[in-house]
Amino acid sequence: MNHKLQKIYRDSKYGFIDEMGNIIIPCQLSRAEDFSEGMARIVDQNKKHGFIDETGKIVIPCQWNEAGDFSEGLAFVVDENKKYGFIDKTGKIVIPCQWSWASHFSEGLASVNDENFKLGFIDKTGKIVIPCQWSGSSACFSGGLAEIVDKNWKHGFIDKTGKVVIPCLWKEIGVFSEGLARVLDENNRFGYIDKTGQIIIPCQWNRAGDFSEGLAGVGDENDKEGYIDRSGKVVIPCQWYIAEQFHNGVAIVMKLTDHRKVFYDINKNGEIIGRGYQFSEGLAPATGNNGKYGYIDSTKQFVIPCLWKDAKQFNGDLAEVQNDDGKWGFIDKTGKIVIPCQWKSLGWGFSMEGFIEVQDDNDKWGFIDKTGKVVIPCQWKAVESFYQGEARVQDDNDNWGIIDKSGRKVIQNRWKNSIYYHEGLADVQDENDRWGFIDETGDIVIPCQWKNAWPFSIGLAPVQDDNGKWGFIDKTGKVAIPCQWKNIYSFQEGIAPVQDDNNKWGVIDMTGKIVIPCQWSYADFYQQGELFLEDGDDLYFVEKTENGYEVTK
């Protein structure tokens, strides 16, 4: 659907322009999403969520901690207490914020998680129609069925009454397509069941796709893919690296030739009937009779001549092409060269800032803009894409720093690792292989004295001492939890898994107090901060109660 407004990104902020290029909403938003049901989510400087309509008018003020897209007339929102509810398109709260998690509405129902993070379903009045009793989150109805997960983390399906119509027996389960759904058994093999739960095609495949036009792609033990019919019979042998779905009697398959990906169109007999094409912006790269690449339109007629040794899909108005000398540049949709082929290698597309990484003949990296102008000279051993106005760069001594869009060094090249910030601080490794933390100006705020360190989470960072033991420090560098653990994970929701010298796992709180004794074979976080414990093959979950924490199976 074409909308009146288009999202833009400038100077690390989002805004919107109209079809004529006029700025309707200046680039002052921290985030902006695409339109859904005539509304687009926006996030202001205070990280509050709201919505605009297709004229750019803010119709729901930025007041929510989080929000989802509109679906069936409602959108979930999250309040200051981190509780989920739903609003309508006027911004009116139609379902109070009382849930620990919620997903979008589908077929009149939305999944929600209660205070124990059990999943159920509500209708558009907020009435609980399927009690909260299942594990997991973000289930939705499709064709009258919704996937659910039991306490043993096995998957099945319920209907809209909440009745289990397919028992929870499977490690993984797909959506129904042409009456069949793929399932993964205990041996990590895929097969297919029908809507009664009966196994129609035995579990014997390493990979499996959805059925389309009577056939489904499957992968064998050699990582090659072919096709089966609805009876499970192999109708096209497993010989391809990729086998996509059939559409209008044709499927795209891929094989590797001289380390290059080559795509073909095949029919339902498995016969190659032409080259497969990956369309983008209405055009697809294709080879002509001379073995060189050009571009075809949807009628499979060449609209850009076959002049290129290699060519990639269009990304916006530009596509990367390689000449006979092995050099890369860009053409537009008319085939005109807009950036000459002079680069040994290119990055993965233009960033929101309009820059792309380029490598010269000396194997040095820099950046150009969409006109081909070199905006940052090729002087770096390695670079990463620009994000929010900054890029990570590595010098000839293998040290990393950060530059801005002018090429000015924001953080000097002195660190052995690439720099990423969490909660305002970045973990860095110095020339002596010691870890510490710097702030966003590059100043060292916690000296490099640790054998290892991980990013901050909820104000604490895991660190490892010279004895190989792990603990936590706060943002002043003070040891908040002594280094006494063989292994640990970062804090989520106020708790963290830890492993003792006997290789047993337990759980501590942010004071270092053991809230779950170390007696478990493994511990880790699942979705939304839910912590699970393993005891052999048995799975347990940690739940917060009024009296502390308890373990439930």
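Some notes on this structure:
- Here residue 32 meets the list (1) of a type outside the set (Asp, Glu); (2) assigned to a strand (DSSP E or B); (3) farther than 30 Å from residue 139 by Cα almost entirely, failing just condition (3).
Okay, residues lined up against (1) closer than 27 Å to residue 53 by Cβ; (2) basic (Lys, Arg); (3) surrounded by 21 or more Cβ atoms within 10 Å (Cβ to Cβ):
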position	(1), (2), (3)
97	yes, no, no
113	no, no, yes
142	no, no, no
151	no, yes, no
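- With respect to (1) assigned to a strand (DSSP E or B); (2) surrounded by 18 or more Cβ atoms within 10 Å (Cβ to Cβ), the lone exception for residue 165 is condition (2).
- The residues of region 148-173 that are within 21 Å of residue 187 (Cβ to Cβ) and of a type outside the set (A, V, I, L, M), listed by number, are 150, 152, 153, 154, 155, 156, 167, 168, 170, 171, 172.
A quick yes/no check of all residues on (1) among the charged types (D, E, K, R); (2) buried (at least 17 other Cβ atoms within 10 Å of the Cβ):
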residue: 223; (1), (2): yes, no
residue: 236; (1), (2): no, yes
residue: 253; (1), (2): no, yes
residue: 269; (1), (2): no, no
residue: 282; (1), (2): no, no
residue: 285; (1), (2): no, yes
residue: 296; (1), (2): no, yes
residue: 303; (1), (2): no, no
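- Any hit, region 345-353, residues being assigned to a strand (DSSP E or B) and either aromatic (Phe, Trp, Tyr) or without any contact (Cβ under 8 Å) to a residue 40 or more places away in the chain (or both): yes
- Among (1) part of a loop (DSSP other than H, G, I, E, B); (2) under 28 Å from the mean Cα position of the chain (by Cα); (3) more than 30 Å from residue 204 (Cα to Cα); (4) of a type outside the set (Gly, Ala, Ser) - the single one residue 285 does not satisfy: (1)
- Restricting 312, 333 to those that are part of a loop (DSSP other than H, G, I, E, B), under 30 Å from the mean Cα position of the chain (by Cα), of a type outside the set (A, V, I, L, M, F, W, C) and crowded, with 16+ Cβ neighbours inside 10 Å reduces the list to 333.
- Listed here are the strands (runs of 3 or more DSSP E) enclosed by region 459-498 that have at least 3 residues being touching a residue at least 60 places away in the same chain (Cβ under 8 Å), and there are none.
Every residue, every condition in (1) in a strand (DSSP E or B); (2) closer than 26 Å to residue 388 by Cβ; (3) in contact (Cβ under 8 Å) with a residue 60 or more places away in the chain; (4) among the β-branched types (Val, Ile, Thr), yes or no:
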position	(1), (2), (3), (4)
19	no, no, no, no
41	yes, yes, no, no
51	yes, yes, no, no
76	yes, no, no, no
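- Any hit, region 437-452, residues being within 22 Å of residue 532 (Cβ to Cβ) and either modelled with pLDDT of 95 or more or surrounded by 17 or more Cβ atoms within 10 Å (Cβ to Cβ) (or both): no
- Every residue from region 179-206 that is surrounded by fewer than 15 Cβ atoms within 10 Å (Cβ to Cβ) and either at pLDDT 95 or above or closer than 14 Å to residue 157 by Cβ (or both): 179, 196, 198, 199, 202
- Qualifying residue in region 480-493 (condition: of a type in the set (A, V, I, L, M, F, W, C), within 31 Å of the chain's Cα centre (by Cα) and closer than 20 Å to residue 518 by Cα): yes
- Criterion violated by residue 80 - all others in (1) closer than 30 Å to residue 18 by Cα; (2) surrounded by fewer than 16 Cβ atoms within 10 Å (Cβ to Cβ); (3) free of Cβ contacts under 8 Å to residues at least 40 places away in the same chain satisfied: (1)
- Filtered by the rule that a residue be among the hydroxyl-bearing types (Ser, Thr, Tyr) and in a strand (DSSP E or B), region 117-140 gives a lone residue, 135.
- Qualifying residue in region 141-149 (condition: in contact (Cβ under 8 Å) with a residue 40 or more places away in the chain, closer than 29 Å to residue 535 by Cα and in a strand (DSSP E or B)): no
Yes/no matrix, rows are residues, columns are (1) in contact with a strand residue (DSSP E or B) (Cβ under 6 Å, 6 or more places away or on another chain); (2) farther than 19 Å from residue 548 by Cβ; (3) crowded, with 16+ Cβ neighbours inside 10 Å; (4) of a type in the set (A, V, I, L, M, F, W, C):
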{"site": "489", "(1), (2), (3), (4)": "yes, yes, yes, no"}
{"site": "503", "(1), (2), (3), (4)": "no, yes, no, no"}
{"site": "523", "(1), (2), (3), (4)": "yes, no, yes, yes"}
{"site": "531", "(1), (2), (3), (4)": "yes, no, yes, yes"}
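- Residue in region 306-313 that is modelled with pLDDT of 90 or more and closer than 20 Å to residue 209 by Cβ present: no
- Residue in region 58-71 that is more than 30 Å from residue 18 (Cβ to Cβ), crowded, with 16+ Cβ neighbours inside 10 Å and more than 24 Å from the chain's Cα centre (by Cα) present: no
- Of all the criteria given as (1) in a strand (DSSP E or B); (2) at pLDDT 95 or above, the one not satisfied by residue 534 is (2).
The values are calculated or read from the model by the stated rules, or taken from the named source; none is laboratory data. Source: prediction; values computed, not measured. Heads up, the Cβs are rebuilt from the backbone with ideal geometry, glycines too, and the neighbour counts pull from every protein chain shown.
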